[in-house]
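S.K.: Handing you a structure now.
The values are calculated or read from the model by the stated rules, or taken from the named source; none is laboratory data. It should be emphasised that the depicted structure is a prediction, and the values quoted were computed from it without experimental measurement. Don't worry about glycine lacking a Cβ; one is built from the backbone with ideal geometry, like all the others, and counts go over all protein chains shown.
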Amino acid sequence: MQTKSPMKRIIIIILLIFLVQKAEAQWIDRSEFGVIVGGSNYIGDINPKYNLYNTNLMVGAIARYNFNPRWVLKASAMFGKVGAYDSDFGNIRNLSFESKINEIALTCEFNFFDYQTGSRQHRITPYIFGGVGLFWFNPKAKLTDPISLEKQWVELQPLSTEGQGMEGYSNPYSLAQISFPFGLGLKVSLSKRVCIGLEWGLRMTLTDYIDDVSKDYVDRDALLTWSGQIGVVAADRTNEIKPGTFHKAGEMRGNLSVNDLYQFFGLTLTTKLNFFKRSCKTF
């Protein structure tokens, strides 16, 4: 059996090392990482309009790989908070919620103009992006405990406020859901290795329960047996505005036809991975 000579083996090893180093250098030169700081809010049954109502702080980390001056792959992890109150809109339904939104996503950016961080000729561009993400939420409401009469924050999903899990109703909704981020932004090269930008992105989702509101009211006695007094309190809060007023089973509580959305927007700041190199290579 013929074997390769030691010289051939050495040449192959040297060639492989060269190719790996070249690929690594290219990956480093084309990669950026950084942060995003801005706001988050929600659109759904309690806030049905596209607006900046009840905007909360959002922070995150982003990483970009620039395939070329037009196409970019971006991974991100963002952490925000959303919430809404019927009382802010004069709605006697009187429901409310707050929830943290933690999201990881993979999106593709398209630059309208040729762009490269560090380039004097191609230093600014608007862009659009779209992709897929996974987010976690957990709606809570501040309720008056019917026994202690004290206000307390209560997780709403375990209370089956619309009968989730009860016989004849749908299963409890998952607190981990898929999102579809899309939006637009603007990026500007500040120096050889630093990029600053603005970004806005809307998240379409596959759930109508970010706010724990979607369908109809359920029978109070059945809900009392299932999740106790606190569940009854969380499901129907109109009586807090109009004492003695309660909804019958089957009356409309939310709008099932439209899923909830949320949006993240803010200022981005990224740096190339070769930040500590003395020179900046171009594409």
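S.K.: I need a count of the residues in the stretch 109-152 that are hydrophobic (A, V, I, L, M, F, W, C), modelled with pLDDT of 95 or more and more than 19 Å from the chain's Cα centre (by Cα).
M.R.: To start, the set of residues in the stretch 109-152 that are hydrophobic (A, V, I, L, M, F, W, C) comprises 110, 112-113, 124, 128-129, 132, 134-137, 141, 143, 147, 149.
Add one more test, that the residue is modelled with pLDDT of 95 or more, and what stays is 110, 112-113, 124, 128-129, 132, 134-137, 141.
Checking which are more than 19 Å from the chain's Cα centre (by Cα) leaves us with 110, 112-113, 124, 141.
Number satisfying all stated conditions: 5.
S.K.: Quick one: would you say GLU162 is within 16 Å of ALA235 (Cβ to Cβ), at pLDDT 95 or above and surrounded by fewer than 15 Cβ atoms within 10 Å (Cβ to Cβ)?
M.R.: On the way: within 16 Å of ALA235 (Cβ to Cβ): yes; at pLDDT 95 or above: yes; surrounded by fewer than 15 Cβ atoms within 10 Å (Cβ to Cβ): no.
No.
S.K.: Run GLY201 past the list (1) more than 23 Å from LYS142 (Cβ to Cβ); (2) surrounded by 14 or more Cβ atoms within 10 Å (Cβ to Cβ); (3) not assigned by TED's automatic domain parsing to the domain that holds TRP71 and report the number of the one that doesn't hold.
M.R.: (3)
S.K.: Tell me which strands (runs of 3 or more DSSP E) are completely within the stretch 176-283 and hold 2 or more residues being of a type in the set (A, V, I, L, M, F, W, C) and either closer than 19 Å to ARG70 by Cα or at pLDDT below 95 (or both), or say none if there are none.
M.R.: Numbers: elements: 176-189, 194-205, 261-272.
Here the list reads 176-189, 194-205.
S.K.: Another one. Counting only residues that are hydrophobic (A, V, I, L, M, F, W, C) and either crowded, with 18+ Cβ neighbours inside 10 Å or in contact with a Ser or Thr (Cβ under 6 Å, 6 or more places away or on another chain) (or both), which one in the stretch 34-64 is nearest to GLY90 (Cα to Cα)? If you could, list the steps in order and put the result at the bottom.
M.R.: Pass one, the stretch 34-64, residues hydrophobic (A, V, I, L, M, F, W, C): 35-37, 43, 46, 52, 57-59, 61-63.
Applying the additional criterion that residues be either crowded, with 18+ Cβ neighbours inside 10 Å or in contact with a Ser or Thr (Cβ under 6 Å, 6 or more places away or on another chain) (or both) yields 36, 43, 46, 58, 62.
Numbers: ILE36: 34, ILE43: 17, ILE46: 11, MET58: 27, ILE62: 39 Å.
Per the stated criteria, the residue is ILE46.
S.K.: Pull up the stretch 31-53, narrow it to residues that are small (Gly, Ala, Ser) and modelled with pLDDT of 95 or more, then point me to the one that is farthest from the chain's Cα centre (by Cα).
M.R.: Step one: of the stretch 31-53, the residues small (Gly, Ala, Ser) are 31, 34, 38-40, 44.
Add one more test, that the residue is modelled with pLDDT of 95 or more, and what stays is 34, 38-40, 44.
Numbers: GLY34: 17, GLY38: 13, GLY39: 11, SER40: 9, GLY44: 15 Å.
The residue in question is GLY34.
S.K.: Of the numbered conditions (1) out of contact with any Pro (no Cβ under 8 Å at 6 or more places or on another chain); (2) closer than 28 Å to GLY201 by Cα; (3) of a type in the set (Ser, Thr, Tyr), TYR115 fails exactly one; give the number of that condition.
M.R.: Among (1) out of contact with any Pro (no Cβ under 8 Å at 6 or more places or on another chain); (2) closer than 28 Å to GLY201 by Cα; (3) of a type in the set (Ser, Thr, Tyr), the lone unmet condition for TYR115 is (1).
S.K.: Starting from residues that are hydroxyl-bearing (Ser, Thr, Tyr), out of contact with any helix residue (DSSP H, G or I) (no Cβ under 8 Å at 6 or more places or on another chain) and in contact (Cβ under 8 Å) with a residue 12 or more places away in the chain, keep the ones in the stretch 200-235 and report whichever is nearest to ASN255 (Cα to Cα). Steps first, answer last, please.
M.R.: Applying the first criterion (hydroxyl-bearing (Ser, Thr, Tyr)) to the stretch 200-235 yields 205, 207, 209, 214, 217, 225, 227.
So of that shortlist, the ones also out of contact with any helix residue (DSSP H, G or I) (no Cβ under 8 Å at 6 or more places or on another chain) come out as 205, 207, 214, 225.
With in contact (Cβ under 8 Å) with a residue 12 or more places away in the chain added as a condition, the list becomes 205, 207, 214.
On the way: THR205: 15, THR207: 12, SER214: 5 Å.
Among residues in the stretch 200-235 that are hydroxyl-bearing (Ser, Thr, Tyr), out of contact with any helix residue (DSSP H, G or I) (no Cβ under 8 Å at 6 or more places or on another chain) and in contact (Cβ under 8 Å) with a residue 12 or more places away in the chain, the one nearest to ASN255 (Cα to Cα) is SER214.
S.K.: Out of the residues in the stretch 93-115 meeting the condition of being surrounded by 17 or more Cβ atoms within 10 Å (Cβ to Cβ) and touching a helix residue (DSSP H, G or I) at 6+ places or on another chain (Cβ under 9 Å), tell me which one is nearest to ILE196 (Cα to Cα).
M.R.: The residue in question is SER96.
Per-residue answers, yes or no, for (1) of a type outside the set (A, V, I, L, M, F, W, C); (2) surrounded by 13 or more Cβ atoms within 10 Å (Cβ to Cβ); (3) within 25 Å of PHE33 (Cβ to Cβ):
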position: LYS142; (1), (2), (3): yes, no, no
position: ASP145; (1), (2), (3): yes, yes, no
position: TRP153; (1), (2), (3): no, no, no
position: GLN157; (1), (2), (3): yes, yes, no
position: TYR173; (1), (2), (3): yes, yes, no
position: GLN177; (1), (2), (3): yes, yes, no
position: PHE180; (1), (2), (3): no, yes, yes
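S.K.: Identify all residues within the stretch 123-135 that are farther than 16 Å from LEU261 by Cβ and either of a type in the set (D, E, K, R) or surrounded by fewer than 18 Cβ atoms within 10 Å (Cβ to Cβ) (or both); write none if there are none.
M.R.: ARG123, ILE124, PRO126, ILE128
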